[in-house]
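Step one of this worksheet: look at the structure below.
The values are calculated or read from the model by the stated rules, or taken from the named source; none is laboratory data. Only a predicted model underlies this, so the values are computations on that prediction, with no experimental measurement involved. We place every Cβ from the backbone using ideal geometry, glycine too, and count neighbours over all the protein chains shown. Side chains are part of the model used for accessible areas, which takes the heavy atoms of the whole protein and leaves out ligands, DNA and RNA. Shrake-Rupley method; radii C 1.70, N 1.55, O 1.52, S 1.80 Å.
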Amino acid sequence: MVNTLNFKTVDVPRLTRGVVAATTALFFGALVSFAPGAMAQEPPVAENGASGSLSNLGACIADKGALDVIIMIDETESLIHEAKDGVVNPDQPGADAQHHRVPAAQSFVDELLAKQSDGDLNTRIRVAGFGQTYKSGATDPDNYGAWTELNDSTASGVQDEISRFADRTQEQYTNYASAIEGAYQDFTRSGSENSCRMLVTFTDGALTAQEGADVAEAALCEPGGVTDRLRSAGITHIGIGLSAPSNPSDFSLLRSTTAGGGTCGVEPANGAFFPADNVGGLFAAFREALAIGGEAIGETRAGDPFSFTLDNSVNSVRFTAIAKDDLGANAHLVLTAPNGETVELKDSGNTTANNTEVSWEAESSPVQMADGILNLQEGGDWKGVWQIQFQGIDPAAVDGRVFNSVEIQPDLQVVFGGGESADGSLNLRDDQQLNMQLVGRDGQPRVLEGSALVDLGFTRADTGEFTPLAQGLDISGGDLSFPLDMISQLPAIGTVEARTTITTAGVDSLPGTTLSPILNTTRIAITQRDMPQLPASVRFAADQDVVTVDIPVTGPGKVWVAPGTQLSGVLPDGVEGIAVSSTFDSPENALVLGLDEQGTLPAELTVSDLRDGLVNGSVPLQISNAEGANETSVDLPTEGTLSVPINASTFAAAFILALVLSLLIPLLILYIVRFISAKVPSAAMSAVRIPVDFSGEALRYAGNTTPDLAAQTTASKQVVVHGDSFNVEGHKLKVQRFHWHPFASPSVIVQTDPSISGDGKQVGTQAKLPLAVQGNWFLTASGADPSRMELIALTNLPREQSQIDRMVADITSKAPDRARELQKLLDDAATSQSAKTPPRAPEAAAQGSVDKQTPSFGSSPGGGFGSGGGFGSGSGSNDTNGGFGSGGGFGAR
């Protein structure tokens with residue numbers, strides 16, 4: 001669900017605060033099985049402890065409610081055997097000889113699953129390893145798992161995959177440069193359309209690489225390199241450094257890569273780094289570093305309480321207390337209510353105190369900590385000062401450190417409205433206001449007894465310039481509106497962010513508790529009233545060299561794509577450029593829309609050399625008002641996923657063989673690999689067949705002006721693909737597995753003559769479709785009448801109305817041109833047949849007129865495709881009386 005709303009109809013937001021903080025903390029909390037002597041004491045560069053920020057991840061989850069996670073685990077021998085100066089000592093234990101990284105990762109999965117049961121988050125997860133190279137189900141499907149949608153039935157499989165890492169300690173290099181590059185590419189294979197992304201990297205050492213650490217570091221840190229591509233794609237990167245105190249590792253490069261502050265990359269950092277200290281410090285560091293807003297956090301002496309004030313306008317609280325130092329065997333947390341009631345938080349349990357339902361889970365080994373939840377009873381009164389404090393502590397530990405965190409009303413979010421909402425963003429005119437609401441879990445506005453102050457800002461997508469719009473806007477009443485006239489240089493596309501600081505109401509002259517700011521963002525486009533309105537951004541996915549993106553536009557005015565336009569931004573390594581073109585390519589040939597009229601600008605993106613990876617950049621569009629005045633260029637933010645539709649592991653193996661074998665054998669192997677791996681994707685599809693009449697000017701689809709695809713998109717008409725060929729409404733489609741170019745994208749050929757695909761591609765006179773045929777269509781002749789044709793559309797199952805609408809728009813736009821091309825083929829066939837017909841003998845003429853022979857397609861000898869005349873007439877290559885490439889017509893011999 002998007003973090004946007006119509007001001008009168010509120011969408012329920014995703015719950016986010018606490019999700020990432022709690023899950024990741026518990027993930028690395030599983031490292032508690034490290035004995036204190038086995039934990040790492042990082043060298044001086046890391047003495048400041050955890051670094052980095054994850055507030056952007058919290059805002060992303062609030063907006064999208066979906067998260068892709070890769071857990072990437074080091075597989076080097078130094079985990080189990082000490083390694084110094086490149087020499088392994090098998091007689092000394094390594095950083096994780098007891099394999100505690102396994103339960104650590106498993107606990108992370110458990111907590112993600114628990115959070116999903118609340119309906120807060122949808123997660124897809126992949127477990128990967130690395131040494132010299134990145135390893136996952138994409139590169140080694142026999143030994144590593146696939147991307148998995150996390151739920152109750154799949155969690156055990158993910159846990160089993162993690163358990164295998166106890167035996168994966170044979171690698172000699174810690175090349176997280178190539179590993180991060182592999183993970184970056186792997187995110188394109190998750191199957192998610194629009195999700196937040198997080199990479200968690202476990203390692204026990206500094207960067208080492210077979211090609212040399214300097215070479216690997218250059219690839220990792222150079223401008224536009226691996227680190228910059230990861231950051232530009234919005235991927236949050238968490239680094240975990242594990243090392244033994246007797247053999248500390250230098251994690252300065254990994255810290256710079258994840259949390260920033262160094263010289264690795266030039267794009268803003270988007271992540272955090274956590275060195276292993278003692279067990280309690282590890283828990284506290286992750287809870288604090290992964291707090292994403294709405295918390296009161298502080299460190300106290302073990303002998304002092306941590307206090308927080310509640311009022312009756314809030315009804316939910318989460319709290320955590322972690323002893324960073326050992327407080328003694330009898331230490332346990334105690335909760336004290338405003339009326340003096342106390343609850344000893346031992347083990348796990350639940351009770352009531354001061355009109356409040358209290359539930360908790362506590363543990364004493366290897367760290368003393370407790371997590372709890374407070375819920376105000378219906379009609380109850382819990383206002384006042386609450387306290388948490390460890391009791392039963394050893395007198396010698398009274399100065400021990402305790403980390404405390406309290407989340408008050410953790411479901412609060414600010415959602416945005418005003419103007420038009422589309423695809424998770426807002427489109428506003430310059431005379432409209434931005435509306436905001438402070439809502440809870442139920443999506444309804446929340447009125448607070450304390451204060452809720454919003455700092456509002458806007459970041460332009462084209463320049464990255466940040467403009468403060470307002471500070472201290474009061475939203476404690478539940479909603480507010482704000483004009484955007486401070487944003488100049490329209491049209492303006494970018495991101496609006498609201499940082500909301502909440503303070504509970506004080507009691508008895510004591511101040512309330514102030515929480516850390518909650519960050520919420522939304523993409524926004526602001527346009528003058530007389531200019532075309534563009535979306536705040538567009539997304540695309542491409543598994544072939546050319547893909548068309550339909551850009552929605554609202555009038556009035558003109559929009560076009562200038563010739564020679566290129567997508568600018570960060571591209572996957574190996575992609576030299578992405579060209580952008582459109583049928584609307586000049587002011588004289590522009591998409592023209594009236595006031596509030598909606599239309600679509602088709603933009604064709606041509607990738608120079610398809611590679612796996614993520615695209616983050618912009619496409620310059622030209623716009624003007626309806627009279628052609630005020631012409632300007634607008635950089636439209638564009639995100640995309642590029643993926644090569646072929647098995648990566650098979651090609652990797654073929655590439656390795658190509659390096660050691662002769663020149664010809666590797667080429668043969670590549671042909672074989674391409675032949676074997678070219679398969680139609682397994683996504684379900686339905687076949688739609690519609691008769692078409694073409695008068696030369698207009699098409700009629702079964703008597704209608706537009707094709708009705710929805711009515712025939714049913715499970716009863718599902719197309720089943722077996723092997724490399726399948727039938728669709730009487731037409732045979734066959735995968736073209738062989739091509740002289742070994743790296744050419746595989747395709748599907750319609751075995752019907754003549755036929756033509758929606759994008760006009762053909763092999764000879766047969767339609768050529770992409771390997772992913774779902775969502776594509778083609779035209780074919782229907783009998784001898786050149787005005788009669790058939791439209792065959794392959795629609796997705798289950799039916800998605802948005803996809804149906806896009807296909808209908810595509811057909812309506814392109815089918816007339818395709819019909820003219822198909823009709824020309826039919827006319828050429830008839831002309832060719834007439835030229836091949838021998839003159840009649842005089843006596844035959846004297847006997848009277850002879851019926852004119854009409855070309856037919858697929859008929860008996862005498863005319864048409866596969867017959868004695870027309871396309872491929874006469875004796876063909878199959879020694880029959882007809883067929884393509886035979887005695888007459890196209891390809892005659």
Mind checking which residues of the stretch 459-513 are touching a residue at least 40 places away in the same chain (Cβ under 8 Å), within 17 Å of Asp411 (Cα to Cα) and surrounded by fewer than 17 Cβ atoms within 10 Å (Cβ to Cβ)?
Gly478
Among the residues of the stretch 234-246, is there at least one that is touching a Lys or Arg at 6+ places or on another chain (Cβ under 7 Å) and under 18 Å from Pro572 (Cβ atoms)?
yes
If I ask for residues that are in a strand (DSSP E or B), open to solvent by less than 30 Å² (accessible area, probe 1.4 Å) and of a type outside the set (A, V, I, L, M), which ones from the stretch 301-321 would you list?
Phe306, Phe308, Thr309, Ser316, Phe319, Thr320
Given the residues Ser249, Ser195, which is the only one that is of a type in the set (S, T, N, Q) and more than 21 Å from Gly617 (Cα to Cα)?
Ser249
Could you check the stretch 689-712 and list, in sequence order, the residues that are touching a Ser or Thr at 6+ places or on another chain (Cβ under 9 Å), more than 19 Å from Leu794 (Cα to Cα) and assigned to a strand (DSSP E or B)?
Asp693, Phe694, Leu699
Any residue at all in the stretch 404-427 that is open to solvent by 10 Å² or more (accessible area, probe 1.4 Å), at pLDDT 90 or above and under 29 Å from the mean Cα position of the chain (by Cα)?
yes
Got at least one residue in the stretch 669-681 being within 30 Å of Trp777 (Cβ to Cβ), open to solvent by 40 Å² or more (accessible area, probe 1.4 Å), modelled with pLDDT under 65 and part of a loop (DSSP other than H, G, I, E, B)?
no
Within the stretch 684-700, does at least one residue satisfy the condition of being over 16 Å from Trp777 (Cβ atoms), modelled with pLDDT of 80 or more, within 35 Å of the chain's Cα centre (by Cα) and open to solvent by less than 80 Å² (accessible area, probe 1.4 Å)?
yes
Those residues of the stretch 334-348 which are open to solvent by less than 60 Å² (accessible area, probe 1.4 Å) and either modelled with pLDDT under 95 or not in a strand (DSSP E or B) (or both), in sequence order
Ala337, Pro338, Gly340
Can you tell me which residue is nearest to Val615 (Cα to Cα) among those in the stretch 556-575 that are part of a loop (DSSP other than H, G, I, E, B) and either touching a Pro at 6+ places or on another chain (Cβ under 6 Å) or without any contact (Cβ under 8 Å) to a residue 60 or more places away in the chain (or both)?
Leu571
Among residues belonging to the stretch 784-819 that are free of Cβ contacts under 8 Å to residues at least 24 places away in the same chain and assigned to a helix (DSSP H, G or I), point out the one that is surrounded by the fewest Cβ atoms within 10 Å (Cβ to Cβ).
Ser802
If we keep just the residues of the stretch 383-421 that are in a loop (DSSP other than H, G, I, E, B), small (Gly, Ala, Ser) and not assigned by the TED database to the domain that holds Asp479, which is farthest from Gln598 (Cα to Cα)?
Gly392
